[in-house]
Amino acid sequence: MKEYKMGKFWAALIYIGGLLLITLFGFLLFMPFLPGFKNDIQTEVHNYFLAPLSIIMIVVFVLGILDTAKGKFIIDTHKITRIGAFSKREILLHDIKGYRINDKFILIESKREDQKTIKIALQTANLNDIKDWLKNEYPNLDVQQKKNEKKDILNNPNFGGTKKEREELLQRTAKTVRIFNWIGGIAAVCAFFFPKPYWLVVGSCILFPIIALIIVKYYKGLVQIDSRENSSYPSIFAGLFFPSTALFIRTLLDFNILDYSNIWLPMTVIALVLMALFMIGNSEFQLTKVKEVFSVLFLMFLMAEYSYGVVIFTNCTLDTSEPVHFHTKVLNKRTSTGKSTSYYLELTAWGDQKNPDEVSVTQEEYKTYTINDPVNVYFMKGNFEIPWYEISK
């Protein structure tokens, strides 16, 4: 019998890093209730995005620490066993179907559908011994799957009249998708760090998910959304994910929203329509496996953040309402330092506000203001009746 546990270096790293990240996400979870941090982030963004994310991540890291402490993989004379913090899985040697290796785990699958896959972290001590044993005894299912997928593509009449035409189509499609993903990644980087000209750079992030949808539909199953290693199917994941996320973060940073009440309906409609269009007729989303369910949930989250960005961007940049001018002044100013530095001005009450409130500003704006400086606030109704405002000296 051979027993394998997490390598000592990686175990120490997980313990220390896990505790630090639990502390970080705990801070984000309770930030609105902590003195001095109440106005660091908008309440709606915290309640609907950061709070659920923080809870999930805290649970994940607690489970990770416990699994590192108790987890081990055992190769016996007639079975393999994976013992975790709250679970124990076994597969008889003659029931092993084969194995896969991804960027995080070795996955050992059973021939029996009622038996779950056993996962072995790549940080396990003496991992090469496990790899050599698997390589000598069982097939690599990723290699088999890639061969089978390519065979299915080359035998599918929907992709061309002859085998040669299908192979050429696969090569052209893979090249097209690679270019699309690279340009989408570049657009996202520009939106993060160099959003000028603003309409062109940030607006392009709106187009990429639409183009991704057109590509998926045009190639009728040849192009997939999910990013899987060792797959013969080209994936548009990068060209969909990075521009959507860049758009979401850019709109959070660039626009001061006064009331979120009117955002939820258009955001939900756009997200559901896009979800339906991506899923209808797409064999990726059969919902017959746990992985496919998680893929749908991730796509749902991605479409939600994309829809938020679209609604806020168009609400503010296409707003033709006449700005209402208010006069206020700086009561206080402060910075908040974490992974990045945020800058805030506390302003006297303006408009319908009854109490002073903080606004987020850029570093350049922060430097130009001092206590008691006058501030001009320009209030706009918004293209979708989502009120927002800008400040200037």
Flag if Leu20 is within 30 Å of Tyr343 (Cβ to Cβ), surrounded by fewer than 16 Cβ atoms within 10 Å (Cβ to Cβ), modelled with pLDDT of 90 or more and outside the structural domain of Glu305 (by TED's automatic domain parsing) | yes
Got a sec? Which of Glu284, Glu305 is of a type in the set (D, E, K, R) and in a helix (DSSP H, G or I)?
-> Glu305
Subset of region 211-254 [of a type in the set (Val, Ile, Thr) and part of a loop (DSSP other than H, G, I, E, B)] = Val223, Ile225, Ile236
The strands (runs of 3 or more DSSP E) lying entirely within region 314-393 that contain at least 2 residues which are under 27 Å from Ile270 (Cβ atoms) are 374-380, 388-392
If Thr68 passes every condition in (1) over 11 Å from Ala121 (Cα atoms); (2) within 27 Å of the chain's Cα centre (by Cα); (3) part of a helix (DSSP H, G or I) but one, which one does it miss?
-> (1)
Would it be correct to say that Val293 is part of a helix (DSSP H, G or I) and modelled with pLDDT under 80?
-> yes
With the condition kept exactly as written, say whether any residue in region 237-244 is hydroxyl-bearing (Ser, Thr, Tyr), in contact with an Asp or Glu (Cβ under 7 Å, 6 or more places away or on another chain), buried (at least 18 other Cβ atoms within 10 Å of the Cβ) and touching a residue at least 60 places away in the same chain (Cβ under 8 Å).
-> yes
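The values are calculated or read from the model by the stated rules, or taken from the named source; none is laboratory data. These numbers come from a predicted model, not from an experiment. Virtual Cβ from ideal backbone geometry, glycine too; neighbours counted across all protein chains shown.
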